[in-house]
Amino acid sequence: MVKLTEARQVAALIGIDEDDWPMPSVGVRDRYVALRRQGALAAAVEYLGHALPRREAVSWAGRLLDDESRRIELTRRSRLALDSAMRWIGEPTDAHRRAAHDAARAISKAAPERFLGLAVFYSGGSVSGTGAPLAPPPHACSRFAVSAIEQAAYRGADSAAFFNQALDLGEQVAERGIAALARA
């Protein structure tokens with residue numbers, strides 16, 4: 001699913017200073033493998049989240065949060081935001097995208113489900129209410145999807161285990177796309 005060929009392209013998407021970009025000869029997969037091998041799990045999640053297409057990144061984050069929600073108790077607003085985001089993932093309509101945004105905005109704190117709803121909203125389509133269409137900020141979707149995963153990882157007792165689980169699933173999405181997220 002990853003269409004980029006150079007690690008520098010992902011670094012640019014993340015917003016890394018150009019002086020810190022990898023050499024042009026470093027491939028996307030090579031840089032990802034290096035981050036994971038070094039144990040830079042959060043950096044590897046950020047890297048993969050920006051390398052994936054927007055819909056795949058949001059679906060990846062959604063699956064992780066949906067799975068986690070079966071093990072923990074969510075607030076009513078977080079549950080509504082997660083359900084709204086998952087509805088969009090299953091049927092990406094503009095109405096579902098806007099409903100996910102509304103549900104996310106109802107959460108007043110930095111919660112993974114809030115970030116997931118914002119990732120859905122910034123995944124495409126106009127972000128203006130009425131009037132002329134307004135494109136979402138570049139890479140906002142990926143940043144929010146990654147933030148949802150990071151917040152979920154740090155909400156639990158074992159962030160490293162969550163990051164590793166996220167990366168294992170993310171690698172499958174990178175290889176096979178959204179089909180990798182289908183439940184067996």
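The values are calculated or read from the model by the stated rules, or taken from the named source; none is laboratory data. Just so it is clear, the structure is predicted and the values come from calculations on it, not from any experiment. Cβ atoms come from the backbone with ideal geometry, glycine included; neighbour counts cover every protein chain shown. Heavy atoms of the whole protein, side chains included, go into the accessibility calculation; ligands, DNA and RNA do not. Shrake-Rupley method; radii C 1.70, N 1.55, O 1.52, S 1.80 Å.
Brief remarks follow.
- Within the stretch 35-81, being over 10 Å from the mean Cα position of the chain (by Cα) and polar (S, T, N, Q) holds for Gln38, Ser69, Thr75, Ser78.
- Sub-8 Å Cβ pairs linking a first residue in the stretch 125-141 that is loosely packed, with under 11 Cβ neighbours inside 10 Å to a second residue that is among the hydroxyl-bearing types (Ser, Thr, Tyr), at least 6 apart or interchain, are Pro133/Ser126; Pro137/Tyr122, ordered by first then second residue.
Rundown of residues vs (1) on the phi > 0 side of the Ramachandran plot; (2) part of a helix (DSSP H, G or I); (3) in contact (Cβ under 8 Å) with a residue 40 or more places away in the chain; (4) of a type in the set (Ser, Thr, Tyr), yes/no style:
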residue: Val2; (1), (2), (3), (4): no, no, yes, no
residue: Asp19; (1), (2), (3), (4): no, yes, no, no
residue: Tyr32; (1), (2), (3), (4): no, yes, no, yes
residue: Val45; (1), (2), (3), (4): no, yes, yes, no
residue: Glu56; (1), (2), (3), (4): no, yes, yes, no
residue: Gly62; (1), (2), (3), (4): no, yes, yes, no
residue: Asp67; (1), (2), (3), (4): no, yes, no, no
residue: Leu80; (1), (2), (3), (4): no, yes, no, no
residue: Arg87; (1), (2), (3), (4): no, yes, no, no
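- Some residue of the stretch 92-100 being of a type in the set (A, V, I, L, M, F, W, C), open to solvent by 40 Å² or more (accessible area, probe 1.4 Å), touching an Asp or Glu at 6+ places or on another chain (Cβ under 9 Å) and not in a loop (DSSP other than H, G, I, E, B): no
- Test for Glu18: is it more than 30 Å from Glu113 (Cβ to Cβ) and surrounded by fewer than 16 Cβ atoms within 10 Å (Cβ to Cβ): yes
- The lone exception for Ala103 - which of (1) open to solvent by 20 Å² or more (accessible area, probe 1.4 Å); (2) free of Cβ contacts under 8 Å to residues at least 40 places away in the same chain; (3) over 14 Å from the mean Cα position of the chain (by Cα) it fails: (1)
- No other residue among Ala40, Ala44, Ala51 is surrounded by 14 or more Cβ atoms within 10 Å (Cβ to Cβ), modelled with pLDDT of 90 or more and touching a Lys or Arg at 6+ places or on another chain (Cβ under 7 Å) apart from Ala44.
- In the stretch 1-29, the residues that are among the acidic types (Asp, Glu) and within 21 Å of Gln172 (Cα to Cα): Glu6
- Inclusion of Ile72 among residues that are buried (at least 18 other Cβ atoms within 10 Å of the Cβ), within 14 Å of Ala152 (Cβ to Cβ) and not charged (D, E, K, R) is not warranted.
- Scanning the stretch 123-172 for residues that are outside any helix (DSSP H, G or I) and under 11 Å from the mean Cα position of the chain (by Cα), we see that the one that is farthest from Gly62 (Cα to Cα) is His139.
- Apart from one condition, Val10 fits all of (1) farther than 24 Å from Gln151 by Cβ; (2) open to solvent by less than 50 Å² (accessible area, probe 1.4 Å); (3) part of a helix (DSSP H, G or I); the exception is (1).
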